1. Please list, in order along region 29-39, the HN-Hα scalar couplings obtained from phi with the Karplus expression 6.51 cos²θ - 1.76 cosθ + 1.60 (θ = phi - 60°), rounded to whole Hz, x for Gly and Pro.
2. For region 197-209, what does the Karplus curve 6.51 cos²θ - 1.76 cosθ + 1.60, with θ = phi - 60°, yield as ³J(HN,Hα) per residue in whole Hz, taken in order and with x for Gly and Pro?
3. Just to confirm the number: angle between the C-alpha axis of helix 179-193 and the first principal axis of the chain, 0 to 90 degrees, nearest 10?
4. With 30 Å as the limit, write out which pairs from LYS107/LYS192; LYS6/LYS133; LYS123/LYS154; LYS14/LYS154; LYS123/LYS206 have Cα-Cα distances beyond it, or answer none.
5. Taking amide H positions as placed in the peptide plane 1.01 Å from N, state which residues far from LEU84 in sequence (5 or more) or on other chains have amide H under 5 Å from it.
6. Need one word for region 169-211: rounded, prolate or oblate. Basis is the Cα gyration tensor (sqrt eigenvalues a ≥ b ≥ c); a/c below 1.5 gives rounded, then a/b vs b/c decides.
7. Mind ranking 112-121, 173-182, 30-39 by how tightly packed they are, going by the mean number of other C-beta atoms within 10 angstrom, highest first?
8. Put +1 on the Cβ of every Lys and Arg and -1 on every Asp and Glu Cβ in the chain; which of ILE47, LEU84, THR184 then has its Cα farthest towards the positive end of the dipole?
Amino acid sequence: MSDFIKVLIVDDHKLISEAWSSLLKDAPQIVVCGTADSEALAFDQAIIHKPDIVLMDINLGAGSGLNAATKILDSLPKTRVIGLSLHDDITYVKKFLSLGAKGYLTKNTNKSELISAIHSVSKGEVFIAAEIKDRYFASLLNVDETEKKELTMKEIEIVKLIAQGLTSKEIGDKLFVSHRTIETHRHNILKKLDLPNAAQLSSWAKDKGYV
């Protein structure tokens, strides 16, 4: 195991990337191995540097932080992702963690919390920013009808492919299941989200940053 935790910073604002880099410059056992400002570049830099931690801005101007996180986690299972966002909405937190991320920080995070988050997540722990931590854990104890509408990872994967215009047969071939299985998933997804058709589902997926 390396003596240093390699960190990749992904944010579409250069000043913010530089600020995060500056905060981590003299942090113990942490080294910034690269930066990226788009979904595509985030993935490319992750493949090149194989970071231990990715600090991922959820709302990227070019692409989606959600998509970038999913691609990186699929390709680099040892890499851990911490979400960064202006949003302190618990829905965003749950969505990002459901993709496999291990941490969530708001952009009000200070140096001490940022460093603690990196060290905690590098050890396999989950780290939630102090300002939203209580609300996040409270929400886990209060599952209501809205929570029941959360999509599974498999359903999210299918939604992405539907939004790309693939047919049920094409999706089935890609995921190595029958088209009837995909049709069942389509029906269940539309019912969960209370949407009438695939066109509305595609719009919903774009609004959520899945495509």
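1. 6, 10, 9, 7, 8, x, 9, 8, 10, 8, 4
2. 7, 5, 4, 5, 5, 4, 5, 4, 4, 5, 4, 7, x
3. On a 0 to 90 degree scale, this one is about 70.
4. Cα-Cα > 30 Å for LYS107/LYS192; LYS14/LYS154; LYS123/LYS206; rest within.
5. MET56, ASP57, ILE58, LEU105
6. Because a/c hits 1.5 or more and a/b fails to exceed b/c, region 169-211 counts as oblate.
7. Averaged packing, sorted descending, gives the order 30-39, 112-121, 173-182.
8. In the chain, that residue is THR184.
Taken together, the values in this text are just the output of simple stated rules run on the coordinates, not laboratory data. This structure is a prediction, so every number in the text was calculated from the model and none was measured. Every residue, glycine among them, receives a Cβ derived from its backbone with ideal geometry; neighbour counts consider all protein chains shown.
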